[in-house]
1. Look through segment 162-195, keep the residues that are small (Gly, Ala, Ser) and under 12 Å from Leu148 (Cα atoms), and return whichever of them is modelled with the lowest pLDDT.
2. Of the conditions (1) of a type outside the set (D, E, K, R); (2) in contact with a helix residue (DSSP H, G or I) (Cβ under 7 Å, 6 or more places away or on another chain); (3) more than 16 Å from the ligand (Cβ to nearest atom), Asn57 fails just one. Which one is it?
3. Would you confirm, using the coordinates I've provided, whether Glu161 is farther than 21 Å from Arg99 by Cα, acidic (Asp, Glu), touching a residue at least 40 places away in the same chain (Cβ under 8 Å) and more than 16 Å from the ligand (Cβ to nearest atom)?
4. Ala188 passes all but one of (1) under 14 Å from Leu221 (Cα atoms); (2) within 15 Å of the chain's Cα centre (by Cα); which number fails?
5. Among the residues of segment 84-111, which ones are closer than 18 Å to Glu161 by Cα and open to solvent by 50 Å² or more (accessible area, probe 1.4 Å)?
6. Please go through segment 165-181 and pick out each residue that is within 11 Å of the ligand (Cβ to nearest atom), of a type in the set (D, E, K, R) and farther than 21 Å from Ile125 by Cβ.
7. Condition first: touching a Lys or Arg at 6+ places or on another chain (Cβ under 8 Å) and of a type in the set (Gly, Ala, Ser). Now tell me which residues in segment 211-226 satisfy that.
8. Quick one: would you say Val128 is touching a residue at least 60 places away in the same chain (Cβ under 8 Å), closer than 19 Å to Gly232 by Cα and open to solvent by 10 Å² or more (accessible area, probe 1.4 Å)?
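The values are calculated or read from the model by the stated rules, or taken from the named source; none is laboratory data. All of these numbers come straight from a predicted model, not from anything done at the bench. Don't worry about glycine lacking a Cβ; one is built from the backbone with ideal geometry, like all the others, and counts go over all protein chains shown. Heavy atoms of the whole protein, side chains included, go into the accessibility calculation; ligands, DNA and RNA do not. Shrake-Rupley method; radii C 1.70, N 1.55, O 1.52, S 1.80 Å.
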Amino acid sequence: MTNRKLIAGNWKMNGSVGANDLLVRAVLAGLAPAPACTVAVCVPAPYLAQVQMLRANSPLELGAQDVSPHEKGAFTGEVSASMLREFAVRYVIVGHSERRQYHGETDALVADKARAALAAGITPIVCVGETLAERDAGRTEEVVKRQLAAVIHVNGHCISEIVVAYEPVWAIGTGKTASPEQAQHVHAVLRAQLRAATAHPQRVSILYGGSMNAANAASLLAQPDIDGGLVGGAALKEEDFLQIVAAASRCD
Ligand code: 13P
C-alpha cells in the first residue's frame, strides 16, 4: 500500500510579511481545491499567524520549523508545541541538519522534541541524513539508523504517527541531489527499521529532501519508498513548488 504523498516546503529563515503574502496567495491560486497530495509550508515562527490566516479554508497545511522539548516555563526564546497548536500547526520539522550542525542538537534532544510535538497532536517531521564525509566513509546507513533509533527509543509507542525526512547533508542547498537509486536505498533501510519498531500496519511516510526541484521531483517521487519531499529553495518560488506538487499528485 502506498501513502498519499506529502510535499512540505521548508522556508528556513526566509520571508517577509509582503513576500509571504504574495507567495502563499500564488501557491493557493495554483492548488486544486482537493489536491491529490498533501501540501504544507513550514514557516518561520513569527509568520505562523499570518500564514494561518492566508491559508484559512484551503487545503494548504501549516508547519513550523522547530519546537521546544519543554511544555512551558523559563526557556527564553523557545516556542512550545501547545503554542504552535494554537496556530493550527499540523507539522513541525525536528532535527533538521542545520539545527544539528549550528545549534548542537543531539539525537536525544531531537527525540524529545518529537515527543513534545506528538503530545500536542502535531506530526513531527524527523530529519535524518549523513554528511559527505560520512557517506565517503561508507557510514550512511549507520548514521541514519542511529539518528532514527533515538527517536524510536523515546517514541516507540506512537512511532507510526511520525514522518521521517531523509536529507543527505551534502545535498542540502547545494544543487547536488541524491540520485533516485541512492535515495531509495536509504529510504528502504529506514523503512525496514520503522517496520521492525512497530506492530502497527500503518506505513510511516518517508520524505526525501535535498535540492529537490521541478526537474528532478518526478523521478525521486516515483521510487517505491519515497513518500514525498521536504523542499527548501524551490519552495520559495511558487512555480517550482507547484510543479513539485503536480509531480507528487501524478504519483497517486
Ligand atoms: P534545499 O531544497 O534548498 O536543498 O533544502 C532542503 C532542505 O533542507 C529542506 O529541509
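1. Taking segment 162-195 as the starting set, the residues that turn out to be small (Gly, Ala, Ser) are 165, 171, 173, 175, 178-179, 183, 188, 192.
So of that shortlist, the ones also under 12 Å from Leu148 (Cα atoms) come out as 165, 192.
On the way: Ala165: 98, Ala192: 94.
The qualifying residue modelled with the lowest pLDDT is Ala192.
2. Condition not satisfied by Asn57: (2).
3. Numbers: farther than 21 Å from Arg99 by Cα: yes; acidic (Asp, Glu): yes; touching a residue at least 40 places away in the same chain (Cβ under 8 Å): yes; more than 16 Å from the ligand (Cβ to nearest atom): yes.
In short, yes.
4. (2)
5. Answer for segment 84-111, where residues must be closer than 18 Å to Glu161 by Cα and open to solvent by 50 Å² or more (accessible area, probe 1.4 Å): Arg85, Arg90.
6. Listed by number, the list holds a single entry, Lys176.
7. Step one: of segment 211-226, the residues touching a Lys or Arg at 6+ places or on another chain (Cβ under 8 Å) are 211, 218, 221, 225.
Ser211, Ala218 - these are the residues of segment 211-226 that are touching a Lys or Arg at 6+ places or on another chain (Cβ under 8 Å) and of a type in the set (Gly, Ala, Ser).
8. Working: touching a residue at least 60 places away in the same chain (Cβ under 8 Å): yes; closer than 19 Å to Gly232 by Cα: yes; open to solvent by 10 Å² or more (accessible area, probe 1.4 Å): no.
No: the conditions fail for Val128.
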